[in-house]
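Student: Got a structure here, written out as structure tokens. Questions coming.
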Amino acid sequence: MRVLVVENYDEMSKKAASMVASQVILKPDSILGLATGDTPLGLYKELIRLYREQLVSFKEVKSFNLDEYLGLSKDNEQSYHYYMMENLFKHIDMNLENINIPDGMAENIEEECIRYEKKIAEACGIDMQVLGIGTNGHIGFNEPDIKFEAETHLVNLDEETIEVNSRFFQSIGEVPTQALSMGIKTIMHSKKVILLAYGIGKADAIAKTIRGKITPDLPASILQLHRDVTIIMDKAAASKL
Ligand code: F6R
């Protein structure tokens, strides 16, 4: 594991963007794994800037997002489809056909998970996976007690996750209680992983991820076994290391 402690959110975002942009410059048809939430917003802003300055093009890139809420349509403002369009895709030259996000409205969820996993395999796996981390140590929506061998599947969200994510909704009752998420196995098969964390709220989870024992109680701890992980965090997130 490479652990980079930087001054602040801005520096974290810029470092992550240089890594993603380098990946795409070296391999223009890269397969990127993408995350949502607050953490990667600065990274996406920076990628948009690099694209506008013609330093990188995403024309041939394919992307697979980690997760999507069950029951939210693509045009629902709380859906991760909507988030990705607004915060990244509509500002860069991604081919919309190359964008993959689990379909939270699929009629048959089990089939949707199998389809998603198969599509990742057909693309020969993810070259670089961007991750955030939950206060409970989740990656994607792989909540504590996860089975490490899980592929893309339907998950029940933890109470803690529902509470933390309620900040994006009008009320806690509106937060979906289930989501489709890549599994730990899917994530572990990515060739490279970049995990981003900022703020004191992530300090415990980060300390356990890096120094704790590998346990399904802290899903991100499995990353200790990945061959190419870079964790970029600000000083606050690093404060319990
Ligand atoms: C998002 C995802 C989650 C978030 C995590 C941190 O696609 O899979 O694991 O990365 O919940 O969220 P933020 O960045 O909002 O603190």
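The values are calculated or read from the model by the stated rules, or taken from the named source; none is laboratory data. The structure presented is a predicted model; accordingly, all values stated were derived computationally and were not measured. Glycine gets a Cβ as well: all are built from the backbone with ideal geometry, and neighbour counts include every protein chain shown. All accessible areas refer to the heavy atoms of the entire protein, side chains included, with ligands and DNA or RNA removed. Shrake-Rupley method; radii C 1.70, N 1.55, O 1.52, S 1.80 Å.
Student: Grab the beta carbon distance between residue 215 and residue 3, set R0 = 30 Å, and tell me the FRET efficiency rounded to 0.05. Don't jump to the answer; show the numbers that get you there.
Tutor: Numbers: r = 19 Å, r/R0 = 0.65.
Here the calculated transfer efficiency is 0.95.
Student: Here is a further query. Whole percent per 5 Å bin, from 0 to the bin with the longest distance: what is P(r) over all C-alpha pairs of the chain?
Tutor: 1, 7, 14, 20, 21, 19, 13, 5, 1, 0
Student: Gain in length, residue 76 to residue 29, computed as 0.36 nm per residue apart minus the alpha-carbon separation, to one decimal in nm? Write out the running numbers ahead of the final one.
Tutor: Numbers: separation 47, 0.36 × 47 = 16.92 nm, distance 2.95 nm.
Additional length available on full extension: 14.0 nm.
Student: Restrict the search to the stretch 44-97; then list the trypsin sites (Lys or Arg not before Pro) that DSSP places in a loop and that have at most 14 other Cβ atoms within 10 Å of their Cβ.
Tutor: Details: sites: 45, 49, 52, 59, 62, 74, 90; in loops: 59, 74.
In loop regions of the stretch 44-97 (DSSP not H, G, I, E or B), the sparsely surrounded trypsin sites (Lys or Arg not before Pro) are 59.
Student: Moving to a separate point now. In the stretch 38-112, which GluC sites (Glu not before Pro) are in a loop and have at most 13 other Cβ atoms within 10 Å, using DSSP for the loop call?
Tutor: Numbers: sites: 46, 53, 60, 68, 77, 86, 97, 107, 110, 111, 112; in loops: 53, 60, 77, 107.
Answer by residue number: 53, 77, 107.
Student: For the stretch 135-151, in order, what is each residue's ³J(HN,Hα) by Karplus, 6.51 cos²θ - 1.76 cosθ + 1.60 with θ = phi - 60°, in whole Hz (x at glycine and Pro)?
Tutor: 4, 8, x, 6, 10, x, 10, 7, 7, x, 5, 4, 8, 4, 7, 5, 9
Student: Alpha carbon centre of the stretch 173-193 versus the stretch 21-46: separation in Å?
Tutor: When both Cα centres are located, 17 Å separates them.
Student: Further, regarding this structure: Using a 1.4 angstrom probe, figure out how much accessible area the chain has per residue, in square angstrom, rounded to the nearest whole.
Tutor: On the way: 11310 Å² over 241 residues.
With all protein chains present, the chain gives 47 Å² per residue.
Student: Express in nm, to one decimal, how much length is gained between residue 115 and residue 86 on full extension, taking 0.36 nm for each residue of separation and deducting their alpha carbon distance. Before the final figure, lay out each step's value.
Tutor: On the way: separation 29, 0.36 × 29 = 10.44 nm, distance 2.52 nm.
Length difference between fully extended and current span is 7.9 nm.
Student: Right, here's the next one. Pairs 90/119; 14/213; 45/202; 118/192; 14/208: which exceed 27 Å Cα-Cα?
Tutor: Numbers: 90/119 23 Å; 14/213 30 Å; 45/202 22 Å; 118/192 19 Å; 14/208 25 Å.
Checking Cα-Cα distances, 14/213 exceed 27 Å.
Student: Taking 35 Å as R0, compute the FRET efficiency from the Cβ-Cβ separation of residue 172 and residue 48 and round it to 0.05. Intermediate values should be presented prior to the final figure.
Tutor: Numbers: r = 32 Å, r/R0 = 0.91.
The formula returns an efficiency of 0.65 here.
Student: For a test of the definition: using alpha carbon positions, the gyration tensor, and the 1.5 limit on a/c, classify the stretch 168-241 as rounded, prolate or oblate.
Tutor: oblate
Student: Within the stretch 90-120, what residues put their amide N at less than 17 Å from the label point 7 Å along the Cα-to-Cβ vector of residue 60?
Tutor: Hits in the stretch 90-120 for residue 60 at 17 Å: 93-99.
Student: Now for a different question. For residue 6, which sequence-distant residues (separation of 5 or more, or a different chain) have an amide H within less than 5 Å of its own amide H, given hydrogens modelled in the peptide plane?
Tutor: 233, 234, 235
Student: I've got another one for you. Within the stretch 192-234, report the trypsin sites (Lys or Arg not before Pro) that DSSP leaves as loop and that have at most 11 other Cβ atoms within 10 Å. Please list the in-between numbers first.
Tutor: Numbers: sites: 192, 202, 208, 211, 213, 227; in loops: 213, 227.
Those that pass, being in a loop and sparsely packed, are 213, 227.
Student: Residue 124: accessible area at probe 1.4 Å, nearest 10 Å²?
Tutor: Solvent-accessible area, nearest 10 Å²: 100 Å².
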